[in-house]
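> Dumping the structure here so I can ask a few things about it.
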Amino acid sequence: VYLLFQALRQISQRTISTASRRQYVNRVPENQKLFQEDNGLPVHLKGGAKDSLLYRTTAGLTVFGTMYALYYLLVSSMPKKPN
């Protein structure tokens with residue numbers, strides 16, 4: 001039992017100690033230049049095509065959800081038909 005415990009401890013230490021770490025590149029200055037540039041775009045669209053797609057999807061879902069809620073409000077406000 002002791003040997004098994006010692007072997008597991010060695011394996012776990014090796015796995016943790018030899019795990020490679022990713023090197024992250026600091027992209028803050030690049031993003032600051034992009035978002036501070038005066039190109040007439042609102043800040044929520046300066047990220048490019050992804051931001052535009054996300055914005056349009058959100059706007060579409062909002063309009064759809066509003067219409068859906070208004071429709072069901074109208075349906076629920078009508079009196080039920082007698083059988």
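> Taking every eigenvalue of the Cα gyration tensor of segment 19-64, multiplying by 5 and rooting it, what semi-axes result, largest first, whole Å? The partial results should precede the final answer.
Numbers: eigenvalues 159, 69, 7 Å².
Value: 28, 19, 6 Å, ordered largest first.
> Continuing with the same structure: What is the distance, in nm, between label points placed 7 Å from the Cα along the Cα-to-Cβ direction at Arg22 and at Glu37?
2.5 nm
> Also, I was wondering about something else. Cβ neighbours within 10 Å, averaged per peptide: list 41-48, 1-8, 64-71 in order, most packed at the top. Can you show the working numbers first?
Details: 41-48: 12.0, 1-8: 8.1, 64-71: 10.0.
Highest mean packing first, the order is 41-48, 64-71, 1-8.
> Within straight cross-link reach of Lys50, meaning Cα distance under 19 Å, which aspartates and glutamates are found once same-chain residues fewer than 8 apart are removed?
Counting by Cα, and skipping residues close in sequence, Lys50 has these aspartates and glutamates nearby: Glu30, Glu37.
> Let me ask something else. Quick check: pseudo-label points 7 Å beyond the Cα along Cα→Cβ at Gln6 and Tyr68, how many nm apart are they?
The two pseudo-label positions are separated by 6.3 nm.
> State the label only: which of (1) 51, 31, 20; (2) 80, 57, 14; (3) 68, 22, 13 corresponds to Cα extents along the principal axes in Å computed from the shown model?
The calculated read-out lines up with (2).
> Within straight cross-link reach of Lys81, meaning Cα distance under 22 Å, which lysines are found once same-chain residues fewer than 8 apart are removed?
Partners within reach: none.
> Something else now. Per residue, how large is the accessible surface of the chain? Use a 1.4 angstrom probe and give square angstrom. Intermediate results must be reported in sequence, preceding the final value.
On the way: 8540 Å² over 83 residues.
That works out to 103 Å² per residue.
> Would you work out if segment 40-82 is rounded, prolate or oblate? Take a ≥ b ≥ c from the square roots of the eigenvalues of the alpha-carbon gyration tensor; rounded if a/c is under 1.5, else prolate when a/b is larger than b/c, oblate otherwise.
Details: a/c = 9.08, a/b = 4.74, b/c = 1.92.
Note, shape of segment 40-82 comes out prolate.
The values are calculated or read from the model by the stated rules, or taken from the named source; none is laboratory data. Every value quoted in this text rests on a predicted model; they were computed, and no experiment measured them. As a convention, Cβ positions derive from the backbone with ideal geometry for all residues, glycine included, and neighbour counts pool all protein chains shown. All accessible areas refer to the heavy atoms of the entire protein, side chains included, with ligands and DNA or RNA removed. Shrake-Rupley method; radii C 1.70, N 1.55, O 1.52, S 1.80 Å.
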